[in-house]
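Engineer: Sharing a structure with you now.
What follows draws every value from the coordinates through simple rules; no lab data is involved. Note that this is a predicted model, so its numbers are computed, not measured. A quick note on method: Cβ atoms are made from the backbone with ideal geometry, for glycine too, and the neighbour counts reach across all protein chains shown.
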Amino acid sequence: MSSVPPNNRWSLHDLRRASSFRIALLFLGLYSLIAALLFAFLYQQISSYALSRIDDWLPRERNAILRSAPTDLIARVAYHARLDPDNQRPFGLYSPDGIRLAGAFPGPHPTQLEKPYTLSMIENDTTRSLRVAAYPLPDGQLLVLSQDLNEVHEFNEVLQRALASAALLALLLGLAGAVLIGRRAVHRLDAITTAIQAIVQGDLSQRLPQRASGAASDDLDRLVTVVNGMLDDIERLMHEIKGACDGIAHDLRTPLARLLAGLERAQRRAVSADDYRDAVDAAITETLSLLTTFNAMLRISEVQDGARRAGFSAIDLAAIADDAVEFYEPSADDKQVQLVYERPPGLRLPLRGDASLLFEAMGNLIDNAIKFTPEGGRITVTLAEWQGAMQFDIRDTGPGIPAAEREAVFLRFHRAESSRHLPGNGLGLSLVDAVARLHGMQVAIHDSDQGCHISLRLSTLP
């Protein structure tokens, strides 16, 4: 199994088509909107706080002035003007008829009393803003206090630039992150596409590249895992098909050649009705052998299709094993092979399954043991159950199966060279494996000191 290295070339068009890039851009736009609203809220709150500080200072300053100089406000306001040469906090004292008595307040006579407000004016060709509060006094005079807002405006401008810079930086970083995410997705998809193209061109050994597995995997990795598993099955099936075709060509060539040779011989040499009858009988025998092979292939395909699972019924696996051993006892006796059956008395193994298929599978294993065990040998069939699991074991004293061939013997038409002189079509163990898979069982060949040891196991009885 191999994988194709990713293609590092990418284009802006590919990037725009990547769903991950689009999703990243969508979240970037949503994040930018939320950030803009947040920055606007922060700007408004900070600006309002600066004005609220001035609004809190104005009444405190009025109270301080009234406490320090309640009878000589003109001198107090004039003294404040001398202490504020830049006129950043201009005060003013007005008579009841609106004449300014003291101070440097540059604006007109205020009409809004008590509540602070913002006053904008043109001064030296520039716009000047003041936060103003006018407080009427008991004698009818009007005390005006103000604070220049130039520093507040400068602070607001700095704040605006800082928030705008932060928003721009966040936007650029988000866009860069979206591009990186998109490029990474494009590279992964390019690698997957390249692998798929190689598979389409016939290289079934290729697998889709997977970045991580287990807890570190993402949704695409999980999809790749499923697809690679499917590709493993496809590759296995294609190898089995190739092996089946090779097996058909190899195993059917001999009976077809015998059939053709017999017919040609009868055509050239037969002179009597008995000669023709013998030739026809031989042809029928060879044809029946071919039909048996094809019927076995169709039966395996039917079992592997899984449609038989719908017809499952309640059965006793122990009773089926009893019947299979009893059925093949005469064959073992005819070959003078000792067939020993070991099972606990009274054992019952209830489950849902297909009784005829399980009988055929168990019988096939027993028949193979009889076929390959020499005269005078011994076959031991064991059926056991423990902790909810069942195992059907067959041990013989035959030649056994080499470790290198233990996987191949379950392929259709595979026959070891040492067994080609014996009757058979190489489909028996393929059928056993198909029946086992249909019932959720595992069939396995184990190491043995002498002969072959093969088991049929159901891990969990229902």
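Engineer: Could you pull out every one of the lysines with an alpha carbon less than 28 Å from that of Lys335, ignoring same-chain neighbours closer than 8 positions?
Structural biologist: Partners within reach: Lys371.
Engineer: What are the ³J(HN,Hα) couplings of segment 53-60, residue after residue, when phi is run through the Karplus curve with 6.51, -1.76, 1.60 and θ = phi - 60°? Round to Hz, x for glycine and proline.
Structural biologist: For segment 53-60, the Karplus curve yields 4, 5, 5, 6, 6, 4, x, 5 Hz.
Engineer: Would you work out which of Ile192, Leu173, Ser205 lies farthest towards the positive end of the dipole of segment 149-224? Charges go on Cβ: Lys and Arg +1, Asp and Glu -1.
Structural biologist: Comparing the listed Cα positions along the dipole, Ser205 ranks first.
Engineer: Further question: Which of Val340, Leu358, Phe372 sits closest to the plus end of the dipole of segment 308-458, meaning its Cα is farthest towards the positive end, when Lys and Arg get +1 and Asp and Glu get -1 on the C-beta?
Structural biologist: Of the listed residues, the answer is Leu358.
Engineer: Next question, about the same structure. Under a Cβ-Cβ cut-off of 11 Å, what is the net charge of the residues other than Pro374 that fall near it, where Lys and Arg count +1 and Asp and Glu count -1?
Structural biologist: +1
Engineer: Now for a separate question. Of all GluC sites (Glu not before Pro) in segment 103-196, which ones are in loop regions per DSSP and have a Cβ with at most 14 other Cβ atoms within 10 Å?
Structural biologist: Passing sites in segment 103-196 are Glu114.
Engineer: If you find the alpha carbon centre of segment 162-183 and of segment 261-284, how far apart are they in angstrom?
Structural biologist: 90
Engineer: Please list, or write none, the lysines whose alpha carbon is within less than 19 Å of the alpha carbon of Lys242, excluding same-chain residues fewer than 8 places away.
Structural biologist: Within reach: none.
Engineer: Let me ask another. Charges at C-beta only: +1 for Lys and Arg, -1 for Asp and Glu. How large is the resulting dipole of segment 308-458 about its Cα centre, in Debye rounded to 20?
Structural biologist: 520
Engineer: To continue, here is another question. Give, to the nearest whole percent, the P(r) tail of segment 308-458 beyond 26 angstrom, counting all Cα pairs.
Structural biologist: Distances greater than 26 Å cover 21 percent of the Cα pairs.
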